[in-house]
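Below is one structure, written out as structure tokens; comments come after it.
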Amino acid sequence: MKILSIESSCDETAAAVIGDGRKIISSVIATQVEEHKLYGGVVPEIASRRHCESICGVVRETLSQAQTELSGIDAIAVTYAPGLIGALLVGVNFAKGLSLSTGLPLIPVHHLRGHIASNYLCFPELEPPFLCLVVSGGHSHIVEVKDYTDMRIIGRTRDDAAGEAFDKAARTMGMPYPGGIHLDKAAESGDENAFRFPIPKVSTSPYDFSFSGLKTAVINLIHNTKQKGGELPVNDLAASFRKAVVDSLTKNFFLAADDLGYDTLVLAGGVSANSLLRRRTQELSDAMGRKCYFPAKELCGDNGAMIGSQAYYEYLAGHIADAGLNAAATRSIELG
Ligand code: KG4
Ligand code: ZN
């Protein structure tokens, strides 16, 4: 089954043609990041306008690279939640138009379920059940993936998402948007023990995260150093901050894996590209005889391929939308 999938939830206009949920036949991403960089973050109205301009060309190019036309496609899939509402609406309406004009089924896909599915494209043997740490710019969840379309959140952030914390800390260190990747790079040549940041704990739930205190601690440290006219050891700061975030993520993730008895662990979302998070997850899994998976780096960020992969399983579960499909800025991954 060939699915044409569309993703426009944030600042990438993306599409893909995916075979049977597991094979990337073509995948095209038009990023807007250079424009949003000027403002230090995504400007929602600009994002929507760029999606409007790019979506036709991106879908045409995706079909052309797959050496097919719409007549060779079996279903249309689209990210419908969560994300920037104006950005999502562009993809949803485009997909609805395609579905109405071709008569092909329309499959609505939850963006975070798509991130998890990135792993299905990289690892043919991977199947639920598994425990997944979903860490992106807007969300940090520990999710029990009981089946392809049956998920339960067992831990979540109480404030900032991990990606958001990385981006805000990076910005204070003078790095361009989106800062997570720059902070990660700087951290590789820094001393992670140079500064001691608190590992945040949420007293009411052992699996929940909190990153806002950590973010404030690094911002205050930077401002105080600057006020005193001191030199900022950026690489050491980046390394110490990254260690605190990764320690917090892995501590709760592995605790949940122990408590719930999961031997298969999966990372997903933009932050799963983080070098230390990947290394640490691998080391801890190896030490405990667990199997761990994380997507190829090019599939960690937003892309259309992951939406086409998840769409296949949503289709098999009978999750088909009608012409009344709407976008939603927020929606739980449990609801799909
Ligand atoms: O999943 P994603 O592409 O978009 C959302 O759905 O939010 O995640 C983007 C987030 C950004 O905050 C970005 O800085 C972060 O992922 N990110 C990283 C790295 N690469 C991307 N954070 C830490 N280390 C990285 N290497
Ligand atoms: Zn994303």
(request) For the stretch 315-331, name all the residues that are within 16 Å of residue 82 (Cβ to Cβ) and not aliphatic (A, V, I, L, M). (result) 326, 330, 331
(request) Please verify whether the stretch 108-127 includes one or more residues that are in contact (Cβ under 8 Å) with a residue 60 or more places away in the chain, of a type in the set (Val, Ile, Thr) and away from ligand 2 (no atom under 16 Å from the Cβ). (result) no
(message) Pull out all pairs, ordered by first then second residue, where Cβ-Cβ is under 7 Å, the residues are six or more apart or on different chains, the first lies in the stretch 1-30 and is under 20 Å from residue 96 (Cβ atoms) and without any contact (Cβ under 8 Å) to a residue 24 or more places away in the chain, and the second is among the aliphatic types (A, V, I, L, M) and buried (at least 24 other Cβ atoms within 10 Å of the Cβ).
(response) none
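Mind counting the residues in the stretch 39-55 that are hydrophobic (A, V, I, L, M, F, W, C) and over 18 Å from residue 137 (Cβ atoms)?
2
So that you can scan it fast, the table gives a plain yes or no per residue for (1) assigned by TED's automatic domain parsing to the domain that holds residue 141; (2) in a strand (DSSP E or B); (3) more than 16 Å from ligand 1 (Cβ to nearest atom):
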site: 267; (1), (2), (3): yes, yes, no
site: 272; (1), (2), (3): yes, no, no
site: 276; (1), (2), (3): yes, no, no
site: 280; (1), (2), (3): yes, no, no
site: 292; (1), (2), (3): yes, yes, yes
site: 303; (1), (2), (3): no, no, no
site: 307; (1), (2), (3): no, no, no
site: 326; (1), (2), (3): no, no, yes
site: 333; (1), (2), (3): no, no, no
(message) Looking at the stretch 161-191 only, could you name the residues that are of a type in the set (Asp, Glu) and either surrounded by 21 or more Cβ atoms within 10 Å (Cβ to Cβ) or within 9 Å of ligand 1 (Cβ to nearest atom) (or both)?
(response) 164, 167, 184
(message) Condition check: in the same structural domain as residue 270 (by TED's automatic domain parsing) and crowded, with 16+ Cβ neighbours inside 10 Å. Does residue 229 satisfy that?
(response) no
(request) Select from the stretch 251-265 the residues that are assigned to a helix (DSSP H, G or I), surrounded by fewer than 22 Cβ atoms within 10 Å (Cβ to Cβ) and in contact (Cβ under 8 Å) with a residue 60 or more places away in the chain and list them in ascending order. (result) 256, 260
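Might you let me know whether the stretch 255-265 holds any residue that is of a type in the set (A, V, I, L, M), assigned by TED's automatic domain parsing to the domain that holds residue 182 and either more than 25 Å from the chain's Cα centre (by Cα) or under 14 Å from residue 169 (Cβ atoms) (or both)?
no
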(request) Those residues that are more than 20 Å from residue 135 (Cα to Cα), assigned to a loop (DSSP other than H, G, I, E, B) and of a type in the set (Ser, Thr, Tyr), I need them from the stretch 187-237; list them, please. (result) 189, 203, 204
(message) Here is a check on your reading of the model: is residue 86 without any contact (Cβ under 8 Å) to a residue 12 or more places away in the chain and either within 15 Å of residue 8 (Cα to Cα) or not aromatic (Phe, Trp, Tyr) (or both)?
(response) no
(request) Identify, by number, the condition in (1) within 16 Å of ligand 2 (Cβ to nearest atom); (2) under 17 Å from residue 16 (Cβ atoms); (3) in contact with an Asp or Glu (Cβ under 9 Å, 6 or more places away or on another chain); (4) part of a strand (DSSP E or B) that residue 132 doesn't meet. (result) (2)
(request) Determine whether residue 33 is more than 20 Å from residue 268 (Cβ to Cβ) and away from ligand 1 (no atom under 16 Å from the Cβ). (result) no
(message) Looking at 197, 166 in this structure, which one is within 16 Å of ligand 2 (Cβ to nearest atom), touching a residue at least 40 places away in the same chain (Cβ under 8 Å) and within 29 Å of residue 256 (Cβ to Cβ)?
(response) 166
(request) Could you run through the stretch 178-213 and say how many residues are at pLDDT 95 or above and either basic (Lys, Arg) or not assigned by TED's automatic domain parsing to the domain that holds residue 251 (or both)? (result) 1
(request) Just name the residue that is nearest to ligand 2 (Cβ to nearest atom) out of those in the stretch 135-160 that are over 17 Å from residue 40 (Cβ atoms) and outside any strand (DSSP E or B). (result) 136
(message) residue 98 - would you say it is in the same structural domain as residue 18 (by TED's automatic domain parsing) and more than 16 Å from ligand 1 (Cβ to nearest atom)?
(response) yes
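The values are calculated or read from the model by the stated rules, or taken from the named source; none is laboratory data. Bear in mind the structure is a predicted one, so any value in this text is a computation, not a measurement. Cβ: placed from backbone, ideal geometry, glycine included. Neighbour counts: every protein chain shown.
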